[in-house]
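J.: Structure provided below as structure tokens; questions to follow.
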Amino acid sequence: MSFADIQQQARQSWMRFARPDVPRVLVGSATCGRAAGALDVLAAFREQCADDPALKGVDIHEVGCLGMCYAEPLVEIRGSEGSSVLYQGVGVDMVPDLVREHLGRGKPMVEHAACLMAGPPVEGLSRFQDLPMIRHQLRVVVRNCGIIDPSNIDHYLARGGYSGFTRALGMDQDAVIEEIKISGLRGRGGAGFPTGLKWSFARKSAGDVKYVVCNADEGDPGAFMDRSVLEGDPHAVLEGLLIAGYAIGAGHGYVYCRAEYPLAIERLRTAIAQMREKGLLGRNVLGAAFGFEITIKKGAGAFVCGEETALMQSIEGKRGMPRSRPPFPAVSGLFGKPTNINNVETLAAVSAILEKSGAWYAKIGTEKSKGTKTFSLAGKITRTGLIEVPMGISLRTIIEDIGGGVLHGKEFKAVQTGGPSGGCIPAKHFDLPVDYEHLAQVGSIMGSGGMIVIDHESCMVDVAKYFLEFTENESCGKCVPCRMGTQHLLRMLTDIAAGRGRVDDLETIRKIGDTMTKASLCGLGQTAPNPALTTLNSFMDEYLAHIEERKCPAGVCRALIRFSIDAGQCTGCMACTKACPVQAVAGKKKKPHRIDQNVCIRCGACRQACKEGAVMVE
Amino acid sequence: MAEIHLTIDGRTVTVKAGATVLHAARQAGIPIPTICDHKDLNPYGACRMCIVEIEGVRGFPTSCTTPAAEGMQVRTRSPELETLRRRTLELMFSGHPNTCLVCPHREACESMRPMATKAGRTTRCGFCSNREECDLRNMALQAGGRDLNLPTLYAAHNLERDDPFMDRDYNLCILCARCWRICEKIHGKPAISIINRGRQARVGTAFHKSHVHSGCTFCGSCIDICPTGTLTDRFARWHGKADTRADSACILCPEGCSLTAHVKGGQLVATAMTAFEPDSSLCALGRFGYAQIVNAPTRLLRPTIRDNGESFSVDWDSALDAAAAGLSKHESALGILVSAAASREDRHLYHLLAQELGAKFAAIPATPAGTKPLLPKWVTGPKKSRSSALILSGDFLEDKHLAGLDFLLVIDGLPSPAQERADVLLPAALLSEAEGTFRTASGQIKDLARSSRAPGMARPEWEILWDLGQKLGLKSMAFDSLDHITAAVGEDPAPQAFADAPRHDVRTLPAFYRGHRTADLVPALEAFGLSATPRPLKQDVSIEGFQLLETRELAPNMHLLRIKAPQVAAHAKPGQFVILMAKETSERTPYTLADWDAEAGSITLILEEVGRSSRELALLKAGEVLAHVSGPLGKPFPVAKKGTVVLGGGCYGIGAILPLARALRQAGNHVLSVIEASSAYLLFWEEELRAVSDEVRVATKDGSRGAYGGVQEVFQQIVDQQPVDIFIAVGCTFMMRMVAELTKPWNVPTFVALNPIMVDGTGMCGACRVSIHGETKFACIDGPFFDAHGVDWDELACRKSAYAREEVEALPQAVDLSALMFPGAARPRCGCGR
């Protein structure tokens, strides 16, 4: 079957799926949706529709993630009237109503809806692309996520899938690399190395056997971009890997995916089987003189295995530990052969670039940072989720417009980008354009795209300590600066948070941080001190308050705070007495309560429970 | 091969293509510090000490991993490099007991402590068996000042002492990974690797298996390549650095592997691989057994003859005369049995002797575990067919074969049943004690070096046989030199190799050496299934005695023991001590009473593991019984109101000063207690002391808590602030001596608790005698407290080290087989690091 036939067949399959007159239910069932209960909701829809003979023909599908995590579970329903409405926060209890009203009577339930996805307008509902969260986004990498059924290759093909690869197949290998160079795409795994250049190194390396590897070992705490793409659109990544394989002359690709992503692995397995079925894998891919195979390698979850040399060791069955370069993987990589490693997001962008052209991609973004970047927006923000924006967009737009501002309207203090390797950007840089250069200027990094918003109720010492706990745990132990440096940084941050800090600790943190940055073997160690160093630079006063005044201004560090009840505000509702896990709050009904400081464990449960704001922290 | 020209520190260096920047610098004589690099290993780049600056290269690449390139401009020295290296070294040392780097008393301490103490856990230089040859320490000594002042982060890994032959203390490990890299190089698949992550990262086997069950062949290369005291040869470790090394070959099996003998003061302390190459690997017996065989405490020392059923030690001449006379008399019915584990020369002379005397001759080959060599009919056959006179060069025959012989000459180095019946017994030098040559299974002839001294009057067999030949007047056995004998051997056949070489498979280790069971000589071999001679089971566990109520490791290597001893508790006074015996066969050792409870009938001691006896006590579990507790012994400290009393305690002395502080304060004194330790993590009982003192001050040798230094620095501070009426110091001899020298010019009465070797503790044996103001005193009954200013410290130090070698040799070499079977029982972790 020619590729045109394959595409034709796929379009027919997609038409059935997309026909506006067929009632349809799409349940966002990526890991994020599942965590919010999407599978129960899915089962409830199936059950409801099966019970009603009139609804037997309703198409029910699992789809990937649209990125609106704050609103999960998300369900898109298209009734017989033809309007596709996205419902948010769908619980099992809402399913009978939705089925009856929208599917049955063709009356969308606007009160539960987030937006209109397609079809005739519905009063009171704005369209998806007009949502404040979506308006500023540009969806290239996540172009299909939440839109198509990720377990159906026809959906991907019908929306232009694999046409980038067939285009590449018609080009000279060097021309493919040139196309990537023109696009200006830089590695999305964190370091931002120009992808086209990286490919050209591996292409030039001598040798018959070469490898391409997809790095799907997403390990930053709070980062879930790669997972979403793999779960919502696995073919976009696999097509990118196929193109990379063709361009550098590799016959074998590996996807190194962490075992903690079982759904992503399942989707990848399905997708690889479908590729084989369609002739997109094998000795002669699409009949061409190009053979390619893909192997999935599950990683055991070590953060350091995201580092490319460690990752290759892990694929080889050895302990995942980085090694010094040179030799670079492009010269001597996996099993000693020339190897090219790209991140999930990079490869998903590659398939889009080959489909639409490098010039198209290069128009997006800034001069040095082209294209789009996905971010996982988390922390103290109103709309958490996965977003994709053009490079150069301001932090303010991301946080205020897309994210809806700081949670509960509180004051913005800082944003942490780049995960454990990144830094904290204070509020004064709120208008900073987000691209590789500007983030580096303020001491942070793009990283893989974690973005954690911090408000005034977060303690910066605690934030730094959190990330150091992570890196201290994840250091592979090979090189001295990282192994011992993270331990000492964590020790001092713990001391400071516990009120045992000394002023000269701050200087020692800087010295150790500097040593780690300059002398560590791999990126993990070189960047591990960043959370401590950047908070120290921007929030010195907070550190000094912990050390000199033995106070935590944000009211977070337990050893330095005490909770008390403002007798004037307390209504004696007993909510705090019930919330307290150690019975430290005493008081009778309708009489002001008191906290016994000797019993209190400073967990803050009373403060959360109090509706009057009477529990104070100092 | 192509050449590369590069510039290092302004000097042009030419190297072969493929060389690293580090190689190039070394070639040019430019020193770059490094610890993970090793000439026999591939570059690894972990210690980060060898960083350099290279023009056009971002950051600070490691010279060990960077290939030299044409035109490269390298700088090995710059202020920034120096700073980074010093800080990296400090970071490295913060994960390793770091007194080598930071202790202000290091030099003085080492001058008085020439040999390391045989501690359980190594927490400082004085406890480190590796300090004479520690690469890390050498780097530290060159480093100069500190910058970060980091405290030690002691990981508190369990000591690993259950495996045969090796002691492992991963608290000293800096993860240079030399061990697993050499294991991988030599054996392909390494038995060890780095396990866990982050602060838990360490070297270990998969799933915490014992090394016996991990595929380890005990070649010892990891121990020999370890730059720290982490991996040590249990037998060799406390003997100190070898002064002589000699290449030789192993004769224990037909492989004839090359080995290097490590000799200290004429004593063989270890044998190791000649090179870190796969072909050079040794088996467990060759690597670890050799020295134990040679140093066996049962070695035969003197020529002995038997007359009328009684045996006498005689000189060599008389013994040889007796042997010659016996042989002449029984020439017609003589048989000679020798071991194939002998030099070609020895064997040749035995063979010549057999020819000359018309005797039967057989050489018994070495055999792998599980097989027994066949003996010739003329020793085991029907009585009539047997030889009635024998020369045995080993232990080959059972009692039934030995009965009724007319004449028996035994030439051997180790005891056997035959020895009891021998008419003449001639003590032979073994293995590294005799020179010669050996033909290996592959036909190669290897030289055997005489590198260590034979014990007592033992002599090489070729010398004995040569003399015997002279006594018998045998012309064919008259040689000018050993070389002539070697030349006369000619083309002897190569021995038959084992089916599997022992160095690849521990299950094929030779079970016998000269007919003696190797497991008898090297007890740890039992871990590989080699059996020792069955011994009558002797229970050495005390059933009656003094119950151990509580035992706890308060700080690394410091154990608290609470023992039920009502009589001692009822009569104890501050300053007194007790003598303990863990088992009935244990040594008697004194310990100062740290506390007692007359009502509960219990006493409390602080014990530091520094050798065999303290280890036996430290390993006892709560509920077990000590064979013996005697006390209270010694004179109580004369407690009286004197004014301000300053007490200093270090190590076990921290415990010892507690009852003194309490009593002195009750007597109305103002009591200041000062405690010291190498680092904050080694301090204990600070709160307990605070409760019985007016003030407690702390000193650490790394400055991690309190004053930087030791007790003496704090004493100086106190004297500068207030008048003091009495000083008392209890701790190591070095600390007490320093205090004595410090307070002498102040003219303040100073008392120290002396700790000489003691046996009975009641003034009978005199082992504990010390000189105070020129007068001989017994520490047990006149002490333990003496005027510090009158102590002859040099004499004390000398007497304390009198049995240093015996103390080392007393350390146990056998392994606990049940501990080996269930190594993971105490560590229920999966190994993933979480």
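J.: Is it true that B:H105 is closer than 23 Å to B:I194 by Cβ, more than 8 Å from every other protein chain (Cβ to nearest Cβ) and touching a residue at least 40 places away in the same chain (Cβ under 8 Å)?
T.: It is false that B:H105 is closer than 23 Å to B:I194 by Cβ, more than 8 Å from every other protein chain (Cβ to nearest Cβ) and touching a residue at least 40 places away in the same chain (Cβ under 8 Å).
J.: I would also like to ask the following. Could you list, ordered by first residue, the pairs with Cβ atoms under 7 Å in which the first is in the range B:528-550 and open to solvent by 70 Å² or more (accessible area, probe 1.4 Å) and the second is at pLDDT 70 or above and hydroxyl-bearing (S, T, Y), at least 6 apart or interchain?
T.: none
J.: Of all residues in the range A:166-206, count the ones that are assigned to a loop (DSSP other than H, G, I, E, B) and not hydroxyl-bearing (S, T, Y). Write out each step before concluding.
T.: Step one: filter the range A:166-206 for residues assigned to a loop (DSSP other than H, G, I, E, B), giving A:170-172, A:184-185, A:187-193, A:205-206.
Right, trim to not hydroxyl-bearing (S, T, Y) and you get A:170-172, A:184-185, A:187-193, A:206.
Final tally of qualifying residues: 13.
J.: May I ask you to say which residue of B:M1, B:M112 is more than 14 Å from chain A (Cβ to nearest Cβ), modelled with pLDDT under 95 and farther than 26 Å from B:P227 by Cα? Lay out the reasoning, then the answer.
T.: Details: B:M112 fails: farther than 26 Å from B:P227 by Cα.
The match here is B:M1.
J.: Given the structure, is A:G513 more than 23 Å from A:G320 (Cα to Cα), in contact with a helix residue (DSSP H, G or I) (Cβ under 8 Å, 6 or more places away or on another chain) and away from chain B (no Cβ under 11 Å)?
T.: Numbers: more than 23 Å from A:G320 (Cα to Cα): yes; in contact with a helix residue (DSSP H, G or I) (Cβ under 8 Å, 6 or more places away or on another chain): yes; away from chain B (no Cβ under 11 Å): no.
Judged against the criteria, A:G513 is not a match.
J.: When you go through A:K589, A:K578 one by one, which is the residue that is out of contact with any helix residue (DSSP H, G or I) (no Cβ under 9 Å at 6 or more places or on another chain), over 26 Å from A:Y466 (Cβ atoms) and either acidic (D, E) or open to solvent by 50 Å² or more (accessible area, probe 1.4 Å) (or both)? Spell out how you get there, then give the answer.
T.: Values: A:K578 fails: out of contact with any helix residue (DSSP H, G or I) (no Cβ under 9 Å at 6 or more places or on another chain).
From the options A:K589, A:K578, the qualifying one is A:K589.
J.: When the range A:304-322 is examined, which residues are found to be part of a helix (DSSP H, G or I) and either open to solvent by 30 Å² or more (accessible area, probe 1.4 Å) or away from every other protein chain (no Cβ under 11 Å) (or both)?
T.: In the first step, residues of the range A:304-322 are kept if they are part of a helix (DSSP H, G or I); the result is A:304-306, A:308-315.
Selection gives A:G306, A:E308, A:A310, A:L311, A:M312, A:Q313, A:S314, A:I315.
J.: Select from the range A:323-345 the residues that are more than 9 Å from chain B (Cβ to nearest Cβ) and under 29 Å from the mean Cα position of the chain (by Cα) and list them in ascending order.
T.: Initial filter on the range A:323-345 (more than 9 Å from chain B (Cβ to nearest Cβ)): A:328-345.
Listed by number, the residues that qualify are A:F328, A:P329, A:A330, A:G333, A:L334, A:T339, A:N340, A:I341, A:N342, A:N343, A:V344, A:E345.
J.: Taking the options B:R26, B:R75, B:R86, name whichever one is in contact with a Gly (Cβ under 9 Å, 6 or more places away or on another chain), of a type in the set (D, E, K, R) and more than 14 Å from every other protein chain (Cβ to nearest Cβ). Break it down into steps so the answer makes sense when it comes.
T.: Values: B:R26 fails: in contact with a Gly (Cβ under 9 Å, 6 or more places away or on another chain); B:R86 fails: more than 14 Å from every other protein chain (Cβ to nearest Cβ).
Being in contact with a Gly (Cβ under 9 Å, 6 or more places away or on another chain), of a type in the set (D, E, K, R) and more than 14 Å from every other protein chain (Cβ to nearest Cβ) holds for just one of B:R26, B:R75, B:R86, which is B:R75.
J.: A:G317 is checked against (1) touching a strand residue (DSSP E or B) at 6+ places or on another chain (Cβ under 6 Å); (2) over 22 Å from A:A202 (Cβ atoms); (3) not acidic (D, E) and fails just one. What number does that condition carry?
T.: Failing condition for A:G317: (1).
J.: Is one or more of the residues making up the range A:565-575 surrounded by 13 or more Cβ atoms within 10 Å (Cβ to Cβ) and over 26 Å from A:K410 (Cβ atoms)?
T.: If we filter the range A:565-575 for residues that are surrounded by 13 or more Cβ atoms within 10 Å (Cβ to Cβ), which is where we start, we get A:565-567, A:569-575.
Still in the list and also over 26 Å from A:K410 (Cβ atoms): A:572, A:574.
Yes, the range A:565-575 has at least one match.
J.: Of (1) of a type in the set (S, T, Y); (2) within 14 Å of chain B (Cβ to nearest Cβ); (3) touching a Leu at 6+ places or on another chain (Cβ under 6 Å), A:T382 satisfies all except one. Which?
T.: (2)
J.: What's the total number of residues in the range B:298-341 that are over 23 Å from B:H401 (Cα atoms) and assigned to a loop (DSSP other than H, G, I, E, B)?
T.: Matching residues across the range B:298-341 total 7.
J.: A further question follows. Identify all residues within the range A:448-477 that are within 14 Å of chain B (Cβ to nearest Cβ) and either open to solvent by 10 Å² or more (accessible area, probe 1.4 Å) or closer than 21 Å to A:R558 by Cβ (or both); write none if there are none. Show your work before the answer.
T.: Pass one, the range A:448-477, residues within 14 Å of chain B (Cβ to nearest Cβ): A:467-477.
Correct list: A:F467, A:L468, A:E469, A:F470, A:E472, A:N473, A:E474, A:C476.
J.: Scan the range B:192-230 for residues that are more than 14 Å from chain A (Cβ to nearest Cβ) and part of a loop (DSSP other than H, G, I, E, B) and jot them down.
T.: Correct list: B:K209, B:S210, B:S214, B:G215, B:C216, B:T217, B:F218, B:C219, B:G220, B:C226, B:G229, B:T230.
J.: Where in the range B:623-680 are there strands (runs of 3 or more DSSP E), lying wholly inside it, with at least 1 residues that are at positive phi? Talk me through it step by step, then tell me what you get.
T.: Values: elements: B:628-633, B:644-650, B:670-677.
Where strands (runs of 3 or more DSSP E) fall fully within the range B:623-680 and carry at least 1 residues being at positive phi, they are B:628-633.
J.: Let me ask something else about it. Hey, can you tell me all the residues within the range B:721-747 that are in contact (Cβ under 8 Å) with a residue 24 or more places away in the chain and surrounded by fewer than 18 Cβ atoms within 10 Å (Cβ to Cβ)?
T.: If the condition is that a residue be in contact (Cβ under 8 Å) with a residue 24 or more places away in the chain and surrounded by fewer than 18 Cβ atoms within 10 Å (Cβ to Cβ), then B:Q722, B:P723, B:D725, B:K744, B:W746 are the ones that fit.
J.: Answer yes or no: is there a residue in the range B:131-144 that is touching a Leu at 6+ places or on another chain (Cβ under 7 Å), within 14 Å of another protein chain (Cβ to nearest Cβ), open to solvent by 10 Å² or more (accessible area, probe 1.4 Å) and of a type outside the set (K, R).
T.: First, the residues of the range B:131-144 that are touching a Leu at 6+ places or on another chain (Cβ under 7 Å): B:139-140, B:143.
Next, only the ones that are within 14 Å of another protein chain (Cβ to nearest Cβ) stay: B:139-140, B:143.
Subsequent filtering for residues that are open to solvent by 10 Å² or more (accessible area, probe 1.4 Å) retains B:139, B:143.
From the residues that got through so far, the ones that are of a type outside the set (K, R) too are B:139, B:143.
For the range B:131-144, residues touching a Leu at 6+ places or on another chain (Cβ under 7 Å), within 14 Å of another protein chain (Cβ to nearest Cβ), open to solvent by 10 Å² or more (accessible area, probe 1.4 Å) and of a type outside the set (K, R): present.
J.: Moving on to the next point. Does the range A:178-190 hold any residues that are closer than 20 Å to A:P338 by Cα and among the small types (G, A, S), and which are they?
T.: Passing the criteria: A:G187, A:G189.
J.: Let me ask you something else. Quick one: A:C49 ticks every box in (1) touching a strand residue (DSSP E or B) at 6+ places or on another chain (Cβ under 9 Å); (2) open to solvent by less than 30 Å² (accessible area, probe 1.4 Å); (3) closer than 30 Å to A:V389 by Cα bar one, so which box is it?
T.: (3)
J.: In the set A:V85, A:V140, A:V122, A:V90, which member is β-branched (V, I, T), closer than 30 Å to A:K370 by Cα and in contact with a strand residue (DSSP E or B) (Cβ under 7 Å, 6 or more places away or on another chain)? Walk me through it before giving the result.
T.: Working: A:V85 fails: closer than 30 Å to A:K370 by Cα; A:V122 fails: closer than 30 Å to A:K370 by Cα; A:V90 fails: closer than 30 Å to A:K370 by Cα.
Only one candidate passes the filter, namely A:V140.
J.: What residue, among those in the range B:231-260 that are out of contact with any Lys or Arg (no Cβ under 7 Å at 6 or more places or on another chain), part of a strand (DSSP E or B) and more than 21 Å from B:H211 (Cβ to Cβ), is most open to solvent (accessible area, probe 1.4 Å)?
T.: Going through the qualifying residues, I end up with B:R245.
J.: Next question. Among the residues of the range A:516-544 satisfying the criterion of being charged (D, E, K, R) and more than 14 Å from every other protein chain (Cβ to nearest Cβ), which is most open to solvent (accessible area, probe 1.4 Å)? Give the steps one after another, and end with the answer.
T.: Quick first cut of the range A:516-544, residues charged (D, E, K, R) only: A:518, A:541-542.
Now restrict to residues that are more than 14 Å from every other protein chain (Cβ to nearest Cβ): A:541-542.
Values: A:D541: 111, A:E542: 17 Å².
For the range A:516-544, the residue satisfying everything is A:D541.
J.: Restricting to helices (runs of 4 or more DSSP H) lying wholly in the range B:706-809: which have 2 or more residues that are touching a helix residue (DSSP H, G or I) at 6+ places or on another chain (Cβ under 9 Å), among the β-branched types (V, I, T) and over 23 Å from B:S613 (Cα atoms)? Steps first, answer last, please.
T.: Values: elements: B:711-721, B:733-743, B:793-800, B:804-809.
Passing ranges, in order: B:711-721, B:733-743.
J.: A further question on this structure: The conditions are (1) in contact with a helix residue (DSSP H, G or I) (Cβ under 9 Å, 6 or more places away or on another chain); (2) within 22 Å of A:A352 (Cβ to Cβ); (3) open to solvent by 40 Å² or more (accessible area, probe 1.4 Å), and A:G124 fails exactly one of them. Which is it?
T.: All conditions are met except number (2).
J.: Does B:S452 satisfy the condition of being polar (S, T, N, Q), within 30 Å of B:D321 (Cβ to Cβ) and either modelled with pLDDT of 95 or more or part of a loop (DSSP other than H, G, I, E, B) (or both)? Steps first, please.
T.: Details: polar (S, T, N, Q): yes; within 30 Å of B:D321 (Cβ to Cβ): yes; either modelled with pLDDT of 95 or more or part of a loop (DSSP other than H, G, I, E, B) (or both): yes.
In short, yes.
J.: Let me ask another. How do the strands (runs of 3 or more DSSP E) wholly within the range A:1-108 filter down when requiring 3 or more residues that are touching a helix residue (DSSP H, G or I) at 6+ places or on another chain (Cβ under 8 Å): which remain? Outline the logic, then answer.
T.: Values: elements: A:24-28, A:59-63, A:75-78, A:84-87.
The strands (runs of 3 or more DSSP E) meeting that bar are A:24-28, A:59-63, A:84-87.
The values are calculated or read from the model by the stated rules, or taken from the named source; none is laboratory data. These numbers come from a predicted model, not from an experiment. Every residue, glycine as well, gets a Cβ built from its backbone with ideal geometry; the counts of neighbours run over all protein chains shown. The area values use the complete protein model at the heavy-atom level, side chains included, leaving out ligands, DNA and RNA. Shrake-Rupley method; radii C 1.70, N 1.55, O 1.52, S 1.80 Å.
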